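For reference, the structure discussed in these notes is given below.
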Amino acid sequence: MTLEQTVVDTVERARATPERQQAYAALGLTDDEYARIREILGRRPTSGELAMYSVMWSEHCSYKSSKKYLRRFGERVTDRMREHLMVGMGQNAGVVDVGRGWAVTFKVESHNHPSYVEPFQGAATGVGGIVRDIIAMGARPVAVMDQLRFGDLAEADTLRVVHGVVAGISFYGNCLGLPNIGGETVFDPVYQGNPLVNALCVGVLKHEDLRLANATGAGNLVVLFGARTGGDGIGGASILASDTFTASGPTKRPAVQVGDPFAEKVLIECCLELYAGGLVEAIQDLGAAGISCATSELAANGDGGMRIDLDAVLLRDPTLTAEEILMSESQERMMAVVAPERLEGFLAVTGRWDVETSVLGTVTETGRLEITWHGETIVDVDPATVAVDGPVYDRPVARPAGLDALQADSATGLPRPADGPAIAEQLRALIGSPNLADVGWITDQYDRYVLGNTALAFPDDAGMIRVDEESGLGVAIATDANGRYSELDPRAGAQLALAEAYRNVAVTGARPLAVTDCLNFGAPTNPEVMWQFAETVDGLSEACLALEVPVTGGNVSLYNQTGDRAIHPTPVVGVLGVIDDVAKRVPSGWQDDGLNLYLLGETALELDGSAWAQVVHGHLGGRPPAVRLEAERALAGLLAAGASEGLLAAAHDLSEGGLAATLVEGVLRFGVGARVWLDEVLERDGVDAATALFSESTARVLVAVPREEDVRFVGLCAGRRVPAIRLGVTDAESGMLEVQGLLTERIEDLRRIRWGVLPAALGARSTAAGS
Amino acid sequence: MTRIGVITFPGSLDDGDARRAIRLAGGEPVRLWHGDHDLDGVDAIVLPGGFSYGDYLRCGAIAAHSPIMREVVDAAARGVPVLGICNGFQMLTEAHLLPGGLVRNDHGAFVCRDQRLAVESTRTAWTGGFEPGEQIVVPLKNGEGGYLADADTVARLEDEGRVVFRYLETDPNGSVHGIAGVANAAGNVVGLMPHPEHAVEPGFGPDTAAAMRSGVDGLRVFRSALEGVLAA
């Protein structure tokens, strides 16, 4: 940090010394951006103002490279999509009406860079940050999920990152008392120097409890409460999240925040009690850019201005400068707008929870955000210029030079096995590969039970939470992304991520309703990355329109690269669905004997970008599977109807690893075997056995149907024009997965193969085996 | 209706679950606050799971000095049934209502799993409704659940039948003798690391051979106390 700071740089001094050199470049601002700030203010900024603009105009806070494209999500929306949308993009998190007077708010956000520099704290505070976004909407947080992408499991540094990240999530999430109900874990060398740690939180509220973070009502008080402000995380948004890592490795540790989940748990209860007592007008979380962000956003979203005395901020470290206080990203802090007559009640609640509180200032009518320090004005700005009207870039885009060659290199020509033993060997290799292995080593470190409303969690396809104890009303959430597909075709990749998350929600019996996304990409200054981003947003918004599920909010994370090497485009898409009664939910595996197994959907020769191509041939090339949105819609409608009528004993989607992976996961869910035959699939779809088992064609689901419901189920498929083939039966006696004429595998062997992968690489825990 | 108090400490997490369990077992849950000196005349007390005060000293150590704990100690001496679950068990050992202590899991990590247990003693206020030696499954979730006591204490607990729950199949946290829960000499105070309050409602408990998430073995822990109070 190079803030020259001997005397306080006041607005008055800034006017008097226009020539003074300012170290804006070290704060991440470009020459043009600095010039623009001078133009807005009609003078040079004070060092405090410079600090505020630098963090708020950072890529992380301003979305300056992505904003141009993100507008498409708002444009491609029909009235029907708006029907359930109570709050759309632009607020802390989107809010969806789920019926019976209940609403749900959810959002996924990245904490990638801090998690590489300091995996434990980075991941922990990633959970903390997204939870505070949910509280700011007036909701009680009820569950979290994490989307994790690490480097090669065989690399030593991957162990450092995995251990730290998982322990951080476990420590923070468990201590907050929020069940972790699902997520993703992917290992790929492209994430070696830039792991992705995304965190999703979902909260519930009654319609009338919805709050927006706006500072309105001149004379209302601006109150900071929660943890004290310290020197941690200074410049996290501008320095860490908006820059690339150099190959020389972690050096930016001081910019990572440190988390205290106990403080956050107390803060949650405190905020909910403040809302319930009608003691606050609004609450804004302090995350990236700390007080700079909270004050400017609250004021910009309000109808007036704000005057703040920075001396009133309670400090952990009294030597902090005004600029550091403005930029600090100390965790577990919130800012409230409180009517003066309610301050006493407010303080009674924070006092009861032993939460430290200080009144920083008032809402004004000036339209200005004014901040004083030691009695002098150090910030005097129009808050909208800080928080809303940041720079917007139309960066150059260019289709990647090597993409044509990559797409021409299809996996179709790779040798496929024809005989049973060879197919069986490849199946074992697939399920023993890191991305299809059992992730119990990770998920067993998360509390999935707390709050007592978890209806589904890992290893099922989506997490499901009961919202209303009386009616059983609940929501299901799944997230997905396939970076390999997106590398081959970012437009299709984004649509396939949406389709898979949508399908994963549908298989539980829930109706997909809304979307959140976390778009993880390389540096926007690289035109090829920007092209990938543009294609992704365009493709995703188009598919959201086709499936009629609106994007309610999310996050963009750029600069995910090491040196010149960007990650695969990784658009994590989260879909939320609603189910009228969680008692009707459907698990991903079967538990009873003699159920009929049906394969829904059609299989084509689609092995490009597949897990099979990766594991068996180390290959990435060609075109990802075709996007079949109409088929996905029909399938989702069928599954919702089937679940609601009680026709489905199990339903599991087909994705990475194809039918082979789905069958293995199906028998392992409850340890009940299956006998299947592929003849009819091979004949109808004109594919070979290896393709039938390993192809990743979309819009496919495997379902288990009780025999007594067979006629109704077949009728339902015909009525809804969903292709269905009876693939086999479940078998509780054999202890085997049998694909007739090809392979017979003992369930215990399959379990051992899948279970052993992570412990072998990451270190065994004494308790885990066989759980 | 029999009233069972659930004490909320700052950082308590499973207090709502404990109240739901009491309600489903047929009792009336009563909210109690750590800062009060008042037990509100309840018939039994549950110290719920969580991370009271962040567990920044030793787990349960600060909570053991909360104002309400003095009342709990007095009530325990009068024979009022007291159940400490997970963090609550840690509080009971820190308050010396139960012998021994809980240390970090031997493998170093937090673990959440559906845990098979043997009910070793049915002569306590919280296990009267079980058959001796009965096997049950309830969720376990802790980072510091390794039960530890000196050899004499362990021998005494074993001799006096005060090992109430024992881990089966695997010892998930390195507890001595696989001890999952213990009682005081009178049998009214019981502490255990696993979470019976998470196995009380069909659809939200552990998986069973019959159906997903249908395990409700934990319900009888609370019913045992309710029936015991009614019989007294």
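Kindly indicate whether A:PHE73 is modelled with pLDDT of 90 or more, of a type in the set (Phe, Trp, Tyr) and in a strand (DSSP E or B). No: the conditions fail for A:PHE73.
Taken as a whole, the structure leaves B:ALA44 outside the set of residues that are buried (at least 24 other Cβ atoms within 10 Å of the Cβ), farther than 19 Å from B:VAL72 by Cα and touching a helix residue (DSSP H, G or I) at 6+ places or on another chain (Cβ under 8 Å). Do we find a residue being of a type in the set (A, V, I, L, M), away from chain B (no Cβ under 14 Å) and in a helix (DSSP H, G or I) anywhere in the stretch A:732-752? Yes, the stretch A:732-752 contains at least one residue that is of a type in the set (A, V, I, L, M), away from chain B (no Cβ under 14 Å) and in a helix (DSSP H, G or I). Restricting A:LEU456, A:LEU519 to those that are within 14 Å of chain B (Cβ to nearest Cβ), in contact with a strand residue (DSSP E or B) (Cβ under 6 Å, 6 or more places away or on another chain) and in contact (Cβ under 8 Å) with a residue 40 or more places away in the chain reduces the list to A:LEU456.
For the condition within 14 Å of chain B (Cβ to nearest Cβ), out of contact with any His (no Cβ under 8 Å at 6 or more places or on another chain) and of a type outside the set (Gly, Ala, Ser), what is the one hit in A:GLN591, A:GLN614?
When all the criteria are applied, what remains is A:GLN591.
Looking only at the stretch A:28-53, which residues are farther than 18 Å from A:PRO524 by Cα and of a type in the set (Ser, Thr, Tyr)? Within the stretch A:28-53, A:TYR34, A:THR46, A:SER47, A:TYR53 meet the criteria.
With A:ARG675, A:ARG720 as the choices, which residue is more than 23 Å from A:ASP419 (Cα to Cα) and charged (D, E, K, R)?
After applying the criteria, what remains is A:ARG720.
In this structure, does A:ARG511 turn out to be among the basic types (Lys, Arg) and surrounded by fewer than 24 Cβ atoms within 10 Å (Cβ to Cβ)? Answer is yes for this residue. Scanning the stretch B:13-26 for residues that are touching a helix residue (DSSP H, G or I) at 6+ places or on another chain (Cβ under 8 Å) and within 14 Å of chain A (Cβ to nearest Cβ) turns up B:LEU13, B:ASP14, B:ASP17, B:ALA18, B:ARG20, B:ALA21, B:ILE22, B:LEU24, B:ALA25. Residues that are hydroxyl-bearing (Ser, Thr, Tyr) and at pLDDT below 95 within the stretch A:171-214 comprise just one, A:TYR172. Total residues in the stretch B:171-205 satisfying the condition of being surrounded by fewer than 24 Cβ atoms within 10 Å (Cβ to Cβ) and within 14 Å of another protein chain (Cβ to nearest Cβ): the figure is 8.
Taken over the stretch A:609-632, the residue count meeting the criterion of being without any contact (Cβ under 8 Å) to a residue 60 or more places away in the chain and crowded, with 22+ Cβ neighbours inside 10 Å is 0.
Residues considered: A:ALA699, A:ALA674. Of these, the only one that is outside any loop (DSSP other than H, G, I, E, B) and touching a helix residue (DSSP H, G or I) at 6+ places or on another chain (Cβ under 7 Å) is A:ALA674. Selection of the stretch A:161-177 for residues being under 16 Å from the mean Cα position of the chain (by Cα) and within 12 Å of chain B (Cβ to nearest Cβ) yields A:VAL166, A:ILE169, A:GLY173.
Quick one: in the stretch B:206-231, which of the residues that are β-branched (Val, Ile, Thr) and under 24 Å from B:VAL42 (Cα atoms) is farthest from the other protein chains (Cβ to nearest Cβ)? Among those that are β-branched (Val, Ile, Thr) and under 24 Å from B:VAL42 (Cα atoms), it is B:VAL229.
Of the set (1) crowded, with 24+ Cβ neighbours inside 10 Å; (2) within 14 Å of chain B (Cβ to nearest Cβ); (3) over 30 Å from A:ARG342 (Cβ atoms), all apply to A:ASN198 but (2). If A:ASP444 passes every condition in (1) buried (at least 21 other Cβ atoms within 10 Å of the Cβ); (2) more than 9 Å from chain B (Cβ to nearest Cβ) but one, which one does it miss? Every condition holds for A:ASP444 apart from (2). Can you say whether A:GLN5 is outside any helix (DSSP H, G or I), of a type in the set (S, T, N, Q) and at pLDDT 90 or above, as far as the supplied structure shows? So A:GLN5 fails the test. Would you call A:PRO512 over 14 Å from A:GLY183 (Cβ atoms), in contact with a helix residue (DSSP H, G or I) (Cβ under 9 Å, 6 or more places away or on another chain), assigned to a strand (DSSP E or B) and away from chain B (no Cβ under 14 Å)? For A:PRO512, the condition - over 14 Å from A:GLY183 (Cβ atoms), in contact with a helix residue (DSSP H, G or I) (Cβ under 9 Å, 6 or more places away or on another chain), assigned to a strand (DSSP E or B) and away from chain B (no Cβ under 14 Å) - is met. Of a type in the set (Lys, Arg), surrounded by fewer than 24 Cβ atoms within 10 Å (Cβ to Cβ) and assigned to a loop (DSSP other than H, G, I, E, B): which single residue out of B:ARG213, B:ARG223 fits that description? Every option except B:ARG213 fails the conditions.
Of the residues contained in the stretch B:92-99, none is found to be crowded, with 18+ Cβ neighbours inside 10 Å and within 13 Å of another protein chain (Cβ to nearest Cβ). Looking at the stretch B:27-70, which of the residues that are within 12 Å of chain A (Cβ to nearest Cβ) and of a type in the set (D, E, K, R) is farthest from A:ASP447 (Cα to Cα)? If we take residues in the stretch B:27-70 being within 12 Å of chain A (Cβ to nearest Cβ) and of a type in the set (D, E, K, R), then B:ASP36 is farthest from A:ASP447 (Cα to Cα).
Assigned to a loop (DSSP other than H, G, I, E, B) and buried (at least 24 other Cβ atoms within 10 Å of the Cβ): does that describe A:TYR449?
Criteria met by A:TYR449.
Taken over the stretch A:459-472, residues that are farther than 11 Å from A:PRO179 by Cα, crowded, with 21+ Cβ neighbours inside 10 Å and more than 8 Å from chain B (Cβ to nearest Cβ) amount to 4. Among the residues making up the stretch A:557-594, those that are of a type outside the set (Lys, Arg), modelled with pLDDT under 95 and either within 30 Å of A:GLU733 (Cβ to Cβ) or not in a loop (DSSP other than H, G, I, E, B) (or both) are A:GLN561, A:THR562, A:ALA566. Note on the stretch B:113-127: among residues that are in contact (Cβ under 8 Å) with a residue 60 or more places away in the chain and among the hydroxyl-bearing types (Ser, Thr, Tyr), the one that is nearest to the other protein chains (Cβ to nearest Cβ) is B:THR127.
Please verify whether A:PRO490 is farther than 22 Å from A:TYR172 by Cβ and within 14 Å of chain B (Cβ to nearest Cβ), treating the condition exactly as stated. Break it down stepwise before answering.
On the way: farther than 22 Å from A:TYR172 by Cβ: yes; within 14 Å of chain B (Cβ to nearest Cβ): no.
Considered against the rule, which asks whether it is farther than 22 Å from A:TYR172 by Cβ and within 14 Å of chain B (Cβ to nearest Cβ), A:PRO490 comes out as no.
Taking each residue of the stretch A:498-512 that is among the acidic types (Asp, Glu) and looking for partners that are in a loop (DSSP other than H, G, I, E, B) with beta-carbon atoms closer than 8 Å, six or more apart or interchain, yields A:GLU500/A:ASN482; A:GLU500/A:SER655; A:GLU500/A:THR698. The sole residue among B:PHE89, B:PHE110 that is crowded, with 17+ Cβ neighbours inside 10 Å, hydrophobic (A, V, I, L, M, F, W, C) and within 14 Å of another protein chain (Cβ to nearest Cβ) is B:PHE110. For the stretch A:357-375, residues that are within 15 Å of A:THR10 (Cβ to Cβ) and loosely packed, with under 15 Cβ neighbours inside 10 Å total 2.
The values are calculated or read from the model by the stated rules, or taken from the named source; none is laboratory data. Just so you know, these numbers come straight off a predicted model, no measurement behind them. Backbone-built Cβ (ideal geometry, glycine too); neighbour counts: all protein chains shown.
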